[in-house]
Ligand code: SF4
């Protein structure tokens, strides 16, 4: 049985960077505490947990002598200040693509402009970005929520990094009806999700079975599974190689493998090695 990996799979740039930064802090002997789960992958969290990485839900839980980690989603400036006041060290692993959105929002607010952010209001990344323009920013999911907005002053429209391009541009277009001023539209969508989906789609037409490795609660992994199923009926979402049922591979000559943006390389290689061993 031939095992083929999708061209783009696994850790995105921001998640890989965050994990590297945590490992560096561990290497310096720090007691590392992440505000919120560093990554949405149970197995990787377990691995990091063995090195002493723990998760806190509020800055108040951090103690002097400990290192606080801001994960790739970023936080509000207020939360960052709280962490800096309590922790001995703060490792800011905010993804640079998210930092860019935060800066755009902050600059627009400083110029007394409104900011419309297209995304999920309860997503941590969105809560963080809004914190950079608290009195000037509005978060809406899509153009159906446009009526929630007041009349806008010189609005800037930006997006959550993981939303669909069409949702963003349709909403940005609708914002034009909410102002007499010109609208600045800055596409801040990151291509990691789309790249993984396109690579999986391309490979799924060439294989007899497909394994997507990722958490069952990871939305980008579930979406990857949907993409694979379009072309390959025998597509499965698994968290580890232990979930592979050899019966599913009867008569299979070529198997595709991809992984969500929070799935570490070691877990992917375990699956590839297992598939090669039973082929
Ligand atoms: S999905 Fe994109 S924006 Fe989000 S952490 Fe990964 S690289 Fe950064």
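The values are calculated or read from the model by the stated rules, or taken from the named source; none is laboratory data. Everything numeric here is computed off the predicted structure, so don't read it as measured data. Because the Cβ atoms are built from the backbone with ideal geometry, glycine has one as well, and the counts that use them run over all protein chains shown.
How about the range 175-191: which of its residues are surrounded by 21 or more Cβ atoms within 10 Å (Cβ to Cβ) and in a helix (DSSP H, G or I)?
175
Quick check on my filter: what residues within the range 170-200 are more than 14 Å from the ligand (Cβ to nearest atom) and within 21 Å of the chain's Cα centre (by Cα)?
Within the range 170-200, 186, 198, 199, 200 qualify.
Quick one: which residue in 47, 71 is surrounded by 16 or more Cβ atoms within 10 Å (Cβ to Cβ), over 18 Å from residue 163 (Cβ atoms) and in contact (Cβ under 8 Å) with a residue 40 or more places away in the chain?
71
Can residue 111 be described as surrounded by fewer than 19 Cβ atoms within 10 Å (Cβ to Cβ) and either at pLDDT 95 or above or within 16 Å of the ligand (Cβ to nearest atom) (or both)?
yes
Can you give me the number of residues within the range 1-16 that are surrounded by fewer than 22 Cβ atoms within 10 Å (Cβ to Cβ), more than 13 Å from the ligand (Cβ to nearest atom) and modelled with pLDDT of 95 or more?
Qualifying residue count, the range 1-16: 5.
If you check residue 167 against the conditions, is it part of a helix (DSSP H, G or I) and under 19 Å from the mean Cα position of the chain (by Cα)?
Against the criterion (part of a helix (DSSP H, G or I) and under 19 Å from the mean Cα position of the chain (by Cα)), residue 167 qualifies.
Residue under question is residue 19, and the condition is that it be more than 16 Å from the ligand (Cβ to nearest atom) and not assigned by TED's automatic domain parsing to the domain that holds residue 198; does it hold?
no
Which one of 116, 75 is touching a helix residue (DSSP H, G or I) at 6+ places or on another chain (Cβ under 6 Å) and more than 16 Å from the ligand (Cβ to nearest atom)?
The match here is 116.
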